[in-house]
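First up is the structure itself, then whatever we jot down about it.
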């Protein structure tokens with residue numbers, strides 16, 4: 001969209017005038033987007049103090065080289081080829097270790113629902129959490145979470161795009177007689193709730209000193225994709241006929257005309273998709289190869305009017321003004337450069353120590369085969385070979401290398417937290433201090449990821465209320481005009497200590513302001529539908545009432561450093577030992593949750609291990625010697641430290 005038209009020497013353009021002739025309003029918004037695109041492109045390419053006088057693109061490129069362990073090519077000079085160009089995978093190892101710690105337990109957003117009387121609605125909160133779990137499974141939330149954590153460690157920010165979409169494609173069907181017909185079906189791979197991590201060089205912003213992405217004046221997402229990939233999205237658009245692979249439609253402000261020009265970068269198979277959002281004007285415009293595919297005043301389709309993006313990073317540059325973040329790769333870049341330089345110097349010095357250069361005195365020529373074990377060579381003249389002295393102190397280099405690596409540990413994570421045994425013996429107190437310091441650093445980054453989880457959860461709630469609660473007009477029992485609402489089925493849910501299938505049924509046929517008698521009647525009807533001792537639990541939800549509630553998303557603290565499985569198991573058994581003899585305790589739940597729940601083999605389906613026929617009294621069955629719970633905890637903690 002910002003490519004210049006080719007101009008002849010006489011000042012006239014040589015591009016072909018396009019058949020695409022939109023309205024004056026479309027021309028006006030096209031020019032506005034082009035101006036904003038030029039401004040945002042300057043933000044991408046301008047050096048900034050926060051990036052050490054690099055641009056965003058340069059900073060990303062340098063960080064990616066560290067992450068991918070980029071190595072300089074061998075020198076073309078034969079005299080220099082012997083020198084080492086090895087690099088240490090410092091950034092990659094630390095990033096992988098931190099990501100492994102942070103993703104060992106995935107953070108999920110929690111939901112609090114509030115009605116118009118400012119009272120908590122626990123049932124609605126439970127339903128919304130289940131719906132977010134369902135949406136997360138469809139959008140592969142766990143994979144997105146993992147990729148987002150790694151991206152935040154490497155890049156100046158991680159930005160996740162979240163949306164609901166319906167994309168159809170043409171398929172062929174063959175009937176029994178061999179006749180082939182075409183029909184349009186929903187593309188399951190591209191449709192539904194989808195999350196995408198947006199490369200930073202694709203997203204253009206309007207103000208680099210506005211930290212909150214939702215307060216940006218405009219956002220532009222520019223993608224270059226294959227023609228066949230984008231065709232199902234826009235092939236029914238009336239302007240699709242102007243789209244050809246590699247052909248850009250450029251707007252000239254002076255002549256107010258559109259011109260066709262082939263872009264060599266698009267390789268005759270690619271197209272450029274540009275999506276423009278404007279917060280103040282409430283716009284979402286889509287351009288494909290410069291052609292406007294939406295109305296000139298197309299509003300943001302989201303009911304909450306938010307940008308469909310959430311972002312975070314590793315560490316802040318300032319008090320929250322600069323849009324981007326200090327990544328781990330950036331933070332460790334100086335230490336990495338010194339480490340790699342010293343590492344290569346130590347390797348080169350070792351080569352010189354083992355195979356030192358030689359000086360030849362005399363007139364006789366001596367080939368390299370003279371230097372061989374057991375080789376006897378007779379010289380005619382007073383020829384001699386002398387080793388050129390190399391007094392380099394390798395130990396000093398190694399000591400400095402260790403010091404710099406200690407500095408790198410302070411910037412990221414100590415080897416002991418990476419599963420590597422530290423050098424030298426350390427006391428239990430020193431180990432605990434190291435682990436505590438590492439958890440503090442992880443906790444800070446964990447909070448940054450928590451902001452992403454929270455913001456992404458708010459976007460999910462907007463999509464759920466907007467798309468999952470809508471009824472579709474269909475024909476039921478030969479009566480037209482009926483509304484069919486969505487039905488969500490969640491298997492293997494633990495409810496009251498039992499594994500059940502949860503069914504969420506949106507139903508617009510009952511009132512939200514039922515009387516107590518009507519509510520009781522409806523509850524009995526649901527119980528009858530579930531059946532006695534059923535493995536199914538049904539929620540009927542009024543969609544109108546559901547979407548009018550206020551929802552607040554939060555992330556629970558303590559997700560970054562969960563207790564080890566051994567310690568958790570020991571504590572559960574200790575609690576069981578104490579609760580099982582207490583007459584106030586519910587013995588069945590104590591047995592199910594604390595004893596059976598402590599073991600991986602029995603916690604998922606504890607009911608099949610419970611005697612339902614009466615049998616021996618549970619209290620009288622608890623006899624015999626049991627191992628001391630205190631010893632069990634101490635042993636578990638010891639194993640965990642080791």
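The values are calculated or read from the model by the stated rules, or taken from the named source; none is laboratory data. Here the structure is a predicted model, which means the values were calculated and not measured. Please note: Cβ atoms are built from the backbone with ideal geometry, for glycine as well, and neighbour counts cover all protein chains shown.
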For this session: Scan 159, 106, 98 and give me the residue that is touching a residue at least 24 places away in the same chain (Cβ under 8 Å) and in a helix (DSSP H, G or I).
Result: 98
Problem set entry | Check on residue 200, in contact (Cβ under 8 Å) with a residue 60 or more places away in the chain, touching a helix residue (DSSP H, G or I) at 6+ places or on another chain (Cβ under 9 Å) and either in the same structural domain as residue 94 (by TED's automatic domain parsing) or surrounded by 14 or more Cβ atoms within 10 Å (Cβ to Cβ) (or both) | yes
Seminar exercise, completed: Note on segment 293-331: residues under 17 Å from residue 90 (Cβ atoms) and crowded, with 21+ Cβ neighbours inside 10 Å are 314, 327, 328, 329, 330
Exercise. If you check every pair at least six apart or on different chains, which have Cβ atoms under 7 Å apart with a residue in segment 53-74 that is over 18 Å from residue 331 (Cβ atoms) first and a residue that is at pLDDT 90 or above second?
Worked result: 55/44; 55/45; 55/46; 55/47; 57/44; 57/45; 57/201
Problem set entry | Verdict on residue 509 being at pLDDT below 70 and either closer than 30 Å to residue 443 by Cα or assigned to a strand (DSSP E or B) (or both) | no
For this session: Kindly indicate whether residue 166 is closer than 28 Å to residue 552 by Cα and modelled with pLDDT under 90.
Result: yes
Exercise. For segment 235-254, which residues satisfy the criterion of being touching a residue at least 40 places away in the same chain (Cβ under 8 Å) and either out of contact with any helix residue (DSSP H, G or I) (no Cβ under 7 Å at 6 or more places or on another chain) or crowded, with 18+ Cβ neighbours inside 10 Å (or both)?
Worked result: 237, 239, 242, 243, 244, 247, 248, 249, 250, 251, 252
Problem set entry | residue 636 touching a helix residue (DSSP H, G or I) at 6+ places or on another chain (Cβ under 7 Å), closer than 30 Å to residue 99 by Cα and modelled with pLDDT under 80 | yes
Exercise. What single numbered condition from (1) in contact (Cβ under 8 Å) with a residue 60 or more places away in the chain; (2) surrounded by fewer than 20 Cβ atoms within 10 Å (Cβ to Cβ); (3) closer than 20 Å to residue 22 by Cα fails to hold for residue 284?
Worked result: (1)
Exercise. What about residue 340, is it at pLDDT below 75 and either in contact with a helix residue (DSSP H, G or I) (Cβ under 6 Å, 6 or more places away or on another chain) or not assigned by TED's automatic domain parsing to the domain that holds residue 87 (or both)?
Worked result: no
Exercise. Just one of 93, 68, 77 is over 30 Å from residue 216 (Cα atoms) and over 31 Å from the mean Cα position of the chain (by Cα); which is it?
Worked result: 77
Problem set entry | Positions within segment 214-237 being out of contact with any strand residue (DSSP E or B) (no Cβ under 8 Å at 6 or more places or on another chain) and at pLDDT below 95, in sequence order | 228, 229, 231, 233, 235, 236, 237
For this session: Out of the residues in segment 468-484 that are surrounded by fewer than 17 Cβ atoms within 10 Å (Cβ to Cβ) and under 35 Å from the mean Cα position of the chain (by Cα), state the one that is modelled with the lowest pLDDT.
Result: 472
Exercise. Taking the condition in contact with a helix residue (DSSP H, G or I) (Cβ under 9 Å, 6 or more places away or on another chain), more than 27 Å from residue 63 (Cβ to Cβ) and assigned by TED's automatic domain parsing to the domain that holds residue 95, does residue 292 pass?
Worked result: yes
Exercise. Does segment 182-204 include one or more residues that are part of a helix (DSSP H, G or I) and over 20 Å from the mean Cα position of the chain (by Cα)?
Worked result: no
Exercise. Which one of the conditions (1) part of a loop (DSSP other than H, G, I, E, B); (2) loosely packed, with under 13 Cβ neighbours inside 10 Å does residue 210 fail to meet, given that it meets all the rest?
Worked result: (2)
Seminar exercise, completed: residue 373 vs (1) surrounded by 15 or more Cβ atoms within 10 Å (Cβ to Cβ); (2) modelled with pLDDT under 75: all pass except (1)
For this session: Please tell me if residue 42 is loosely packed, with under 13 Cβ neighbours inside 10 Å and part of a loop (DSSP other than H, G, I, E, B).
Result: no
